[in-house]
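Here is the structure we will look at, set down as structure tokens.
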Amino acid sequence: MERAHYFGINNEVVGIDLDVIPAGWQIGPYLNMWRVNGFGRFAKTLGRNLLINPSQSKAWARATGANKIHKPKIYYDDFCSASIADRVPSFGTYDAVVSWSVFEHLPDPKTSVKNMVEALKPGGAFYISLHLYTSNNGHHDMRGFTGKIDELPLWGHLREQHKDEIFPSAYLNEVRLEEWRSIFDELTPGYTEYLEKYEHPEKYGPMLTPELLEELKDYTLDELLTVNLVYAWRKPL
């Protein structure tokens, strides 16, 4: 959400979200989020707004030099819907469509890519960054993001004898690298792909013992050591 705010310093920004997004601190919208999206989402959003967003907002303001940031227009809708263009204004006229850490959670990512293409005007571009399911923390067990990843079995969600030890914190579509490539090959030929591995080859590569590699033989090293997949594409004029 913070990215939508800061892209809006000099641009008009529209967001689409399945979650109810509370504005301000009125209790009503938060209770509505609890009702519509459940207690887990309510608690996570409240925690972010109390503990994380204030410091992030100050940091972004310092970095950009912006004294005022305009709030984006958020539409409560499903980006997997084939008919979303009928409900969201200006579909087909956007200069850019961007997404971070969302597509791994979508039940129909192919339709969502189609919608991104449809949303863009000719010459417009998209940028998608998604967390690859087959990475060591692609399971989204919160311990993998809170300094406790060493408590978890390596790639436990991909190993049958360890799956019961992993507790994902969100829905995951479990799409693999070649499946993502197949979707983009079909819908956006000529795309650019980046494999963001960070320190994982150095940190986790040595942990891939011959025994573990044999256990994970159905997965490539790129699948195991890539954290984020990034796709960029420009719509032909």
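Since every read-out is calculated from the coordinates, none of them should be taken as a lab result. Predicted model only: the values in this text are computed from it and were never measured. Positions of Cβ are generated from backbone atoms using ideal geometry, with glycine treated the same way; all protein chains shown enter the neighbour counts.
In this structure, the amide hydrogen of Ile16, modeled 1.01 Å from its nitrogen in the peptide plane, lies closer than 5 angstrom to those of Tyr75, counting only residues at least 5 positions away or on a different chain.
Pairs from the list Lys114/Lys235; Lys110/Lys197; Lys58/Lys148; Lys73/Lys110 with a Cα-Cα gap above 20 Å: Lys110/Lys197; Lys58/Lys148; Lys73/Lys110. When Thr188, Thr226 are sorted by how many other C-beta atoms sit within 10 angstrom of their C-beta, beginning with the fewest, the order is Thr188, Thr226.
Listing Lys148, Lys73 from fewest to most neighbouring C-beta atoms within 10 Å gives Lys148, Lys73.
Taking the Cβ of Leu229 as the center, what net charge do the other residues with Cβ under 12 Å away carry, scoring Lys and Arg +1 and Asp and Glu -1? Overall, the nearby charge balance is -4. This ranking places Asp108, Asp164 by how few other beta-carbon atoms lie within 10 Å of each, fewest first, which gives Asp164, Asp108. Between Ala96 and Ala125, the built amide H atoms are under 5 Å apart, and every one of these is 5 or more places off in sequence or on another chain.
Phi angles of segment 132-146 translate, via the Karplus equation with coefficients 6.51, -1.76, 1.60 and θ = phi - 60°, into HN-Hα couplings of 6, 4, 7, 5, 4, 10, x, 6, 6, 5, 4, 5, x, 10, 10 Hz per residue; Gly and Pro are given as x.
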